[in-house]
Amino acid sequence: MKSVFRLLLLTVFFGLPLLLLDGRAADTAVHAGAATTRRINIPFTTAVEPDIPAAERGILWFGEVGPTTQSYSDVRIIYNNEKLHVTFHIIDRYMYYDATPTAGEMANWDAATLYLNLTGNSGSVPTSSSYRFIGQLDALNANQQDQRPDYDFAYVGNGSGWTQTGLAFETFAATQTTTGLNNQESDAGWNITFRIPWSSLGLSGPPAEGTVWGLGLTMHDEDGTAHENRDWPEGLSSTSPATWGQLHFGLPGYTPPAGIVGSDTLTIRQGENGATVPDGHVGGATNCGGYPPLWNTWGNFNYAGDYQINVQNQWNLGDWGCFSKYYITFPLDALPTDQAIISASLRMYHFGNSLPSEAQPSLIQVFTVDQDWNENTLVWNNAPLAVENVARTWVNPLPLGGDGQFITWDLSGAVAEAYANGQPLRLALYSADSARHSGKYFGSSETFVPDRRPTLEINYGSAYGFALNSTPQLQTADPGTSTEYQLNVSPTGGFNTAVTFQAPTVSGVSVNVPTNTVMPPGGTTITITHNNPSQTAGGLYAVPVTVSGDGVERTIDLYLLVNGSQQFLPIIQR
């Protein structure tokens, strides 16, 4: 009997079946594409504390708002020439601290942990480039003290876990409370800021723009009767940087592909050419959630069908009921195939402010989302987390009695990525604003005037080059036998040059690639031969074939499955 090779290929290729080398049926549905890597892009500022602007910081969020152990945090991050600044704003009903904490007890109370890995979100153990910082709530914050001995500790990786270290950093904590700490009286929450000098991380200054670090975050929530931890990203392991998210220094940009031929524009909005564009806001909407207390209800408010939406945040957690995020999904199926994105923008109609007489400017940020949601069930506590912050635009308050205005965000890169992945463009809008009256009101997909509905405009053209496909792309074979793949080349954008084919040496198989050139449209046959007729174990072999011509290069992976089977599962979309 053949030995069983227990390997489940978790990456599901578009157009390919899920591979099960031991022939078993899959127990769970697998999402197409690789696992999500959450990222925050953080801006540089020349300002120093206490003058670092809150609104300009990158922001992410995680957690839930609820009556007991449920806790939620906005995390604002920015950097300057001296330090990295990370602030947790935690909505929490009951706040507990230890007056005499030890390092090992810190996480048992209301506290926050920040993880950094200077070599990216990779590696199975913390190394000397990995750092862990923890800070606890304390009762001294009423005096605005930022020197907190015994309430924060630092650690460095040792190859298997963490070693406490005395490297220099600062934390500053403050609460929004009228009843004091360590009791069962309702409060609003607390914040803690970590200030990490570059010198403490062995650096002479800030990392170069474009540098990517690993980033992990944990909220520790003690409510007197129960305790829970909340992590960003989901699945974080404190000792495995590969499970963390990404901290990217600098804001994202987009450069369209070279050699685009022609240009067309596609407009997508609710009702335009039959398009369905679901949207909805979550949180406090336009009335701060109504009358308090809100702990049992606010996180589960649904506003399906609202013709106007609000985007609002604030530094003072005393007004957390007014916080509001907005979600919208644009289908991209009206875009023709094999196109290149030149530019794309989101346009929304801003018609009002939360309190016109005291309204302040807002820097509203746009985030990509990788999960579908239902407008009729979308609430704060089940709304998807952001994948990445991809755009930002200042929105000035409207003068009293003034007309509305259209606001635009550049989403070229986000549209190009979603289109390349065959996905709709799923977005969230939120801000890192600090002002009390930062709320900005926009027309929704349900608003009565069509051109005031959220609109995505895409400028696209044909990319000069060619597209590849293989018939098939995956083959099964017995040990020691050969299989053939028909590789097809289709020109795009007026490409009219012969192409050549090349494949590297792959252990375990031999690859026969014809040396002749092919003029697209056309193709060639590639043969892959398994080299070990006596092999009894299962194996999956990937052979990258590169096609090139006139400076254009494309690569496609061909797969050979030996001693395995294919299990075709129903497609599940959620």
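The values are calculated or read from the model by the stated rules, or taken from the named source; none is laboratory data. Keep in mind the model is a prediction, meaning the values are calculated, not measured. In this analysis, Cβ positions are derived from the backbone assuming ideal geometry, glycine residues included, and neighbour counts consider all displayed protein chains.
Is it the case that the range 355-364 has a residue that's among the small types (Gly, Ala, Ser), more than 22 Å from residue 55 (Cβ to Cβ) and surrounded by fewer than 18 Cβ atoms within 10 Å (Cβ to Cβ)? Checked the range 355-364: no residue is among the small types (Gly, Ala, Ser), more than 22 Å from residue 55 (Cβ to Cβ) and surrounded by fewer than 18 Cβ atoms within 10 Å (Cβ to Cβ). Out of (1) part of a strand (DSSP E or B); (2) modelled with pLDDT under 90; (3) among the aliphatic types (A, V, I, L, M), the odd one out for residue 114 is which? Among (1) part of a strand (DSSP E or B); (2) modelled with pLDDT under 90; (3) among the aliphatic types (A, V, I, L, M), the lone unmet condition for residue 114 is (2). For the range 520-554, the set of residues classified as polar (S, T, N, Q) and more than 17 Å from residue 497 (Cα to Cα) consists of 525, 527, 529, 531, 532, 534, 535, 536, listed by residue number.
If the condition is being out of contact with any Lys or Arg (no Cβ under 8 Å at 6 or more places or on another chain) and surrounded by 17 or more Cβ atoms within 10 Å (Cβ to Cβ), then the range 453-474 contributes 458, 459, 460, 461, 462, 463, 464, 470, 473, 474. Inspection of the range 259-279 identifies at least one residue that is farther than 30 Å from residue 157 by Cβ, assigned to a loop (DSSP other than H, G, I, E, B) and at pLDDT below 95.
Number of residues in the range 174-224 that are out of contact with any strand residue (DSSP E or B) (no Cβ under 9 Å at 6 or more places or on another chain) and under 17 Å from residue 107 (Cα atoms): the value is 3. Entry remark, the range 166-213: residues being out of contact with any Phe, Trp or Tyr (no Cβ under 9 Å at 6 or more places or on another chain) and among the polar types (S, T, N, Q) number 3 in total.
Just one of the listed residues (34, 47, 25) is out of contact with any Gly (no Cβ under 8 Å at 6 or more places or on another chain), part of a loop (DSSP other than H, G, I, E, B) and at pLDDT 95 or above, namely 47. Among the strands (runs of 3 or more DSSP E) confined to the range 453-557, the ones with at least 2 residues that are over 30 Å from residue 271 (Cβ atoms), under 31 Å from the mean Cα position of the chain (by Cα) and outside the structural domain of residue 333 (by TED's automatic domain parsing) are located at 465-471, 539-549.
Does the range 329-344 include one or more residues that are in contact with a Phe, Trp or Tyr (Cβ under 7 Å, 6 or more places away or on another chain) and aromatic (Phe, Trp, Tyr)? No, the range 329-344 contains no residue that is in contact with a Phe, Trp or Tyr (Cβ under 7 Å, 6 or more places away or on another chain) and aromatic (Phe, Trp, Tyr). Could we say that residue 242 is out of contact with any Lys or Arg (no Cβ under 6 Å at 6 or more places or on another chain), surrounded by 14 or more Cβ atoms within 10 Å (Cβ to Cβ) and outside any loop (DSSP other than H, G, I, E, B) here? No, not satisfied.
With respect to residue 299, determine if the residue is assigned to a helix (DSSP H, G or I) and either more than 26 Å from the chain's Cα centre (by Cα) or over 30 Å from residue 494 (Cα atoms) (or both). For residue 299, the condition - assigned to a helix (DSSP H, G or I) and either more than 26 Å from the chain's Cα centre (by Cα) or over 30 Å from residue 494 (Cα atoms) (or both) - is met. Within the set 280, 216, 271, the sole residue that is in contact with a Pro (Cβ under 8 Å, 6 or more places away or on another chain) and surrounded by 19 or more Cβ atoms within 10 Å (Cβ to Cβ) turns out to be 216. Residue-level analysis places residue 45 among those that are in contact (Cβ under 8 Å) with a residue 12 or more places away in the chain, farther than 18 Å from residue 214 by Cβ, polar (S, T, N, Q) and surrounded by 15 or more Cβ atoms within 10 Å (Cβ to Cβ). Here residue 78 meets each of (1) aliphatic (A, V, I, L, M); (2) under 30 Å from residue 471 (Cα atoms); (3) at pLDDT 95 or above with one exception, condition (2). Pairing residues of the range 291-312 that are in contact (Cβ under 8 Å) with a residue 40 or more places away in the chain with residues that are assigned to a strand (DSSP E or B) and β-branched (Val, Ile, Thr), at Cβ distances under 6 Å and at least 6 apart in sequence or on separate chains, gives 311/364. Which residues, taken from the range 213-237, are more than 22 Å from residue 74 (Cβ to Cβ) and either in contact with an Asp or Glu (Cβ under 9 Å, 6 or more places away or on another chain) or modelled with pLDDT of 95 or more (or both)? The answer is 237, and nothing else. So which residues in the range 521-560 are touching a residue at least 40 places away in the same chain (Cβ under 8 Å), farther than 22 Å from residue 494 by Cβ, of a type outside the set (Val, Ile, Thr) and surrounded by fewer than 20 Cβ atoms within 10 Å (Cβ to Cβ)? Those that are touching a residue at least 40 places away in the same chain (Cβ under 8 Å), farther than 22 Å from residue 494 by Cβ, of a type outside the set (Val, Ile, Thr) and surrounded by fewer than 20 Cβ atoms within 10 Å (Cβ to Cβ): 531, 532, 533, 534, 535, 537, 539, 540, 544, 557.
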